[in-house]
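Notes for the one structure printed next.
Laboratory data are not the source of any read-out in this text; all were calculated from the coordinates shown. From a predicted model like this one, the values you see are computed outputs, not experimental measurements. In this analysis, Cβ positions are derived from the backbone assuming ideal geometry, glycine residues included, and neighbour counts consider all displayed protein chains.
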Amino acid sequence: MLTDAVEFICVHRDRVGSGDLRDKLLEDHWSYMDAFGQTMIARGPLFASDVDLTSEESDDAPAAGSVHVLDLPDAAAARAFAFDEPYYQAGVFRDLLLRRWRNLLGRTMWQYPGGAEGGRRFLVLGLGVIDAATNTLQTPDDVEDLIAYGPLLSDDGQTWLGTAALVRATDAAAALAVLEPGRYEGVEALAWTFGGRR
C-alpha cells in the first residue's frame, strides 16, 4: 500500500439487466484493476444478501455490484478511479458510493487470517450516523471474522458518515451484528466474495 496515500471505498451498484455486458467486459475490468493492484486493500463482486456463494447453485447468481477499497493520492484520483472503470464507462452500473475510509484493522483482505475460503462473506454498510459529533467508531473487541473494517468519512476526513465492513458470517443478519444497533439511519448487507483474477 502507498504510505502517503488516502484510503477510499468505492461501491458500484449494477443496473438491472446489465449482466451480459458485465460478462463481456470482465477482462477489461480486470486489466483496469491490475493497474491498482499494489494499492488494493480489498475488492470483489457483490450479490443479493440471500445469495449463498458457498453453494453450487451460486454459480449462476447475478452480480449486484462491486466493492473496491484502496489507497489513492487524493479525492481527485479516487473519482478518476471510480468513473474511468470500464464497467462504469459502459453503463453496467446504476450508481456508486465513493467515500474516504480508514482501515482500522491495518491489513488487506489477502492478509486476513481466515483466507478466501470457508464460510459466507458480506459487505456491511451502516449509513447516516446518528449523533456523529459525540460518537466515534471503535474497532470491535472480536475481530476474528472481520476482513476489513472502518469509518466512512467526509471528503476532508473529519466527519464520520457511516461504517463499512467486510465480514465472514453465517447470514446477512449475523453480518449486520458487526454494527452497533441504533447508531445508523440505515444498514445493509450484501453477499461478497474475494475478487480478482481466477
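Taking the Kirkwood radius as the inverse of the mean 1/r across Cα pairs, report the Rg/Rh of segment 119-198. Value, to two decimals: 0.99.
Estimated at 0.36 nm per residue, the fully extended path between Arg13 and Glu27 surpasses their Cα-Cα distance by 3.2 nm. Considering only Ala174, Gly186, Val129, the residue lying farthest towards the positive end of the dipole of the chain is Val129, judged by Cα position with unit charges set on Cβ. Remark: spin-label model distance Ala116-Ala173 equals 3.2 nm, labels positioned 7 Å along the Cα→Cβ axis.
Over segment 52-132, the ratio between the Cα radius of gyration and 2.2 N^0.38 Å evaluates to 1.34. Using the Cβ-Cβ distance between Glu180 and Asp52 with R0 set to 25 Å, the FRET efficiency from 1/(1 + (r/R0)^6) comes to roughly 0.45. Net length available on complete extension from Ala77 to Asp60 is 2.7 nm, with 0.36 nm assigned per residue and the Cα-Cα distance removed. Cβ crowding within 10 Å, taken as a proxy for footprinting-reagent exposure, orders Leu166, Leu152, Leu21, Leu137 from fewest neighbours to most as Leu21, Leu137, Leu152, Leu166.
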